[in-house]
Amino acid sequence: MKRSVLFVLLLAFALVAAQCAAPPATEAPAAATEEAAPPEEAAPAEEEVTATPAPEEEPVPAPAAETTVVIGFTTSQTGSYNVSSTRQVNGLQLWMDDVNNAGGIELSDGTVVKFDSVTYDDESTTERVQELYTRLATEDNADFLISPYSSGLTAASAVIAEQYGKVMVTTGAASDSTYKEGYTLVFQAYTPASRYLTGAVDLLAEVDPDVKKIAFVYENDRFSTDVVTAAKDYAESLGYEVVLFEGYDSETADFGPFINKIEAAEPEALMGGGHFQDGSTFARQLHEKGVSLDFAALLVAPPEPDFADLGDAAVGVIGPSQWEPLAAFTPESAEEVGLDWLGPLGAEFVERYEAAYDQEPSYHSAGGYAAGLILQKAIMEADSVEPEAVKAAMDNMDTLTFYGRIRFDTSEEAHGLQVGHDMVYIQWQTDDQGNLMKQVVWPLEGATADTLYPKP
């Protein structure tokens, strides 16, 4: 009996141990049961689990394209126009250096425009000008042209510029007649000859309304003839008597015969002259011969700083100037009259010119720089260096610079003639220590001193 009970207990214990050691039943797949997880809770597919991409590198901008515009011109390195021409070219070169050193002109498409030049000695002769400007236009492929110095040489170059479709800015050339030939690509920086000396007649009327007799003695070239013819007509229209109207050859060194005619005509005022060499010689010989004149106004020579080398012969002599350092054109004055401004200031120009050339700039120097400013402004406004676009911008130009206002006639009769710029008149006077100095005497609103009258 006891053995049976023990056997039953051992058998039961073995069955329980076997159940404890058996593995658990396998669960049904999730898809086969109602309790399966909804699809959105399912583990993401393997391809959706990706690494975050690295940020893209910023593209490196391409360097700005640069284009070089070639400017062609001649210089009178020799011959009668050497002094004024050299100063003109110095001014132009200074402008070119200023623009290039400042990084050039940037167009809206990112192109940077810089400048280079090709130049030759025209020897102050028309024949050389015609030959050299043809070379500049055809062999050197100059993009734009700047005129030589003087109206006669400029007239010769203008024909070439128009023939070969080159936009040309003229400076050092005041004759009206060049711009009445039907040209469309030639643009004048100077006040025209027809208004060059008329201010001297107005000044004479202001300082002495009783003067009636004027003599005109002038260089027999295109520029001087245009100037004095216009001044003579203007003087006669105001009731003056022209007692002498005489021209002399450009190479004249002895003015004795002309001085004799002046003394015989007994004028109260003398006007005329031509360029620096003849004008300064004329003034010196007038003084040496003691010619009695209450008023003397000569072209070109008096505004030049070197005119002071004449000493006492310079005192009292008046001259029309395209520009003087005393002139105060500024961005503020441009705003007052509603004009665009293009720098630099006059004082900045003078400072840089003196630093570059160790001499005081004359109006020829300023005219050379202004020619560059005109081209610069046109390229900026055109947003292009294409000749057609630059030409159109010049037609529409009306701007103020340290040199004065710039605006062109666009009529068929006088296309390119300067109509914005006016002359100022200087007179050589002495300070309290007897030192020679220039003073602006006309127009009155710009005068720095009263006119020394009568002339000593």
Answer rounded, prolate or oblate for segment 104-203, using the Cα gyration tensor with square roots of eigenvalues a ≥ b ≥ c: rounded when a/c is under 1.5, else prolate when a/b is larger than b/c, else oblate. oblate
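How about segment 127-229: which GluC sites (Glu not before Pro) there lie in a loop by DSSP and see at most 11 other Cβ atoms within 10 Å? Can you show the working numbers first?
Numbers: sites: 127, 131, 139, 162, 181, 206, 219; in loops: 139, 181.
Listed in order of number, the matching sites are 139.
Specify whether the C-alpha gyration tensor of segment 330-432 places it in the rounded, prolate or oblate class, a ≥ b ≥ c being the square roots of the eigenvalues: rounded for a/c under 1.5, otherwise prolate if a/b is larger than b/c and oblate if not.
On the way: a/c = 1.96, a/b = 1.65, b/c = 1.19.
Since a/c reaches 1.5 and a/b is larger than b/c, the shape of segment 330-432 is classed as prolate.
Gain in length, residue 108 to residue 292, computed as 0.36 nm per residue apart minus the alpha-carbon separation, to one decimal in nm?
Values: separation 184, 0.36 × 184 = 66.24 nm, distance 6.23 nm.
So the chain would gain 60.0 nm between residue 108 and residue 292.
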Considering the options 242, 229, 191, tell which one lies farthest towards the positive end of the dipole of segment 162-309, charges being +1 on Lys and Arg and -1 on Asp and Glu at the Cβ, about the Cα centre. 191
Fewest Cβ neighbours within 10 Å first, please rank 119, 330 accordingly. 330, 119
Taking the alpha-carbon distance from residue 212 and a cut-off under 17 Å, which aspartates and glutamates remain once sequence neighbours fewer than 8 residues away in the same chain are dropped? 202, 233, 236, 241, 263, 266, 268, 294
Taking a cut-off of 20 Å between Cα atoms, list the lysines near residue 391, but don't count ones fewer than 8 places away on the same chain. 114, 166, 180, 377
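Give me 202, 176 ranked fewest to most by other Cβ atoms within 10 Å of their Cβ, as a rough exposure proxy.
Listed from fewest to most nearby Cβ atoms, that is 202, 176.
Taking the beta-carbon count within 10 Å as an exposure proxy, list 198, 68 from fewest neighbours to most.
Numbers: 198 20, 68 13.
Neighbour counts put them in this order, fewest first: 68, 198.
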Given a Förster distance of 30 angstrom, what is the FRET efficiency for residue 308 paired with residue 356, based on the Cβ-Cβ distance and rounded to 0.05? 0.90
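Once every DSSP H run of n ≥ 4 in the chain is given -39500 (n - 2.57) and the sum is divided by its residues, what mean residue ellipticity at 222 nm do you get, rounded to the nearest 500 deg cm²/dmol?
Details: 12 runs with 162 residues, N = 456.
Using -39500 (n - 2.57) per qualifying helix, the result is -11500 deg cm²/dmol.
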So if each residue of separation counts as 0.36 nm, and I subtract the Cα-Cα distance between residue 326 and residue 392, what length gain in nm does that give? 20.5 nm
What is the spin-label model distance, in nm, from residue 164 to residue 140 if the labels are put 7 Å beyond Cα along the C-beta direction? 0.9 nm
Just subtract the alpha-carbon distance of residue 410 and residue 210 from 0.36 nm times their residue separation and send over the number in nm, one decimal. 68.0 nm
Return the label of the correct value of Cα extents along the principal axes in Å, as calculated from the structure shown, out of [x] 183, 52, 38; [y] 107, 53, 37; [z] 59, 58, 41. [x]
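All of the numbers you see were taken from the coordinates with simple rules; none came from a lab. Treat the numbers as computed from the prediction; the structure is a model and nothing was measured. Cβ atoms come from the backbone with ideal geometry, glycine included; neighbour counts cover every protein chain shown.
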